[in-house]
Amino acid sequence: MDRGNAIVRERALRDAVLAGDATAWRAWYDEHFARLAAYVNWRCGGRADLADDVLQETWLVAVRRLKKFDPARGTFASWLAGIAANAVRNALRTWNRQRRRGLPLDAATEPAAKENAAPENARRVAATLAAINPLYEEVLRAKYLDRQSVEMIATERGETVKAIESRLTRARQAFRELYETNHD
């Protein structure tokens, strides 16, 4: 489907949903749920508890703000991903605040327990993805979540393979650097 037809289709779906058509909402929701859930899980570093909360928050925000969705500015999927990215950032900020409030004053000097390594790693991955340049996050998502080849990413974005390879290299390096410094 070309972009013009997609805009018309998404505008019609949006208008039907806003008019109260539950069937249109169910079709739109079903069409996007699995991909959004995979994206949210990836952005949350595989932390199912965090991903569930973020996914629910994303859909709630989408329902409340549906009148603001403009298909001419982007797809429904990209609009949902933007809401989800903000929900992840907010959830991580809240989690970090709550965690710091619950720490005893001398906890900073104690080494972390090994059984806490997996959740801590997932938190660091999620925090790193929330902090990384959106262009880097986009190419990392295409490569590692969507499992697209470099050639496919380049074609989809109208760029050269060399440009995508270069961006992937910079994105991996930026991820590595942010991950290594992301201890809070």
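The values are calculated or read from the model by the stated rules, or taken from the named source; none is laboratory data. This structure is a prediction, so every number in the text was calculated from the model and none was measured. Every residue, glycine among them, receives a Cβ derived from its backbone with ideal geometry; neighbour counts consider all protein chains shown.
Identify, from the list TRP59, TRP79, the residue that is in a helix (DSSP H, G or I) and more than 17 Å from PRO134 (Cβ to Cβ). Show your work before the answer.
Numbers: TRP79 fails: more than 17 Å from PRO134 (Cβ to Cβ).
So the residue among TRP59, TRP79 that is in a helix (DSSP H, G or I) and more than 17 Å from PRO134 (Cβ to Cβ) is TRP59.
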Mind checking which pairs have a first residue in the stretch 57-75 that is in contact (Cβ under 8 Å) with a residue 12 or more places away in the chain and a second that is surrounded by 15 or more Cβ atoms within 10 Å (Cβ to Cβ) and assigned to a loop (DSSP other than H, G, I, E, B), Cβ under 8 Å, 6 or more apart or different chains? ALA62/PHE69
Of all residues being under 14 Å from the mean Cα position of the chain (by Cα) and of a type in the set (A, V, I, L, M) in the stretch 64-80, which is modelled with the highest pLDDT? Just the residue, please. LEU80
Of the conditions (1) surrounded by 19 or more Cβ atoms within 10 Å (Cβ to Cβ); (2) within 20 Å of the chain's Cα centre (by Cα), VAL17 fails just one. Which one is it? (2)
Out of the stretch 145-158, which residues are assigned to a loop (DSSP other than H, G, I, E, B) and either in contact with a strand residue (DSSP E or B) (Cβ under 6 Å, 6 or more places away or on another chain) or modelled with pLDDT of 90 or more (or both)? SER149
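Considering only the stretch 81-89, I want to know if a residue exists there that is at pLDDT 85 or above and touching a Cys at 6+ places or on another chain (Cβ under 9 Å).
Yes: one or more hits.
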Against the condition within 21 Å of ASN121 (Cα to Cα), at pLDDT 90 or above and surrounded by 15 or more Cβ atoms within 10 Å (Cβ to Cβ), how does VAL61 come out, does it pass? no
For the stretch 64-76, check the following and say yes or no: at least one residue is touching a helix residue (DSSP H, G or I) at 6+ places or on another chain (Cβ under 9 Å), surrounded by 17 or more Cβ atoms within 10 Å (Cβ to Cβ), in a loop (DSSP other than H, G, I, E, B) and at positive phi. no
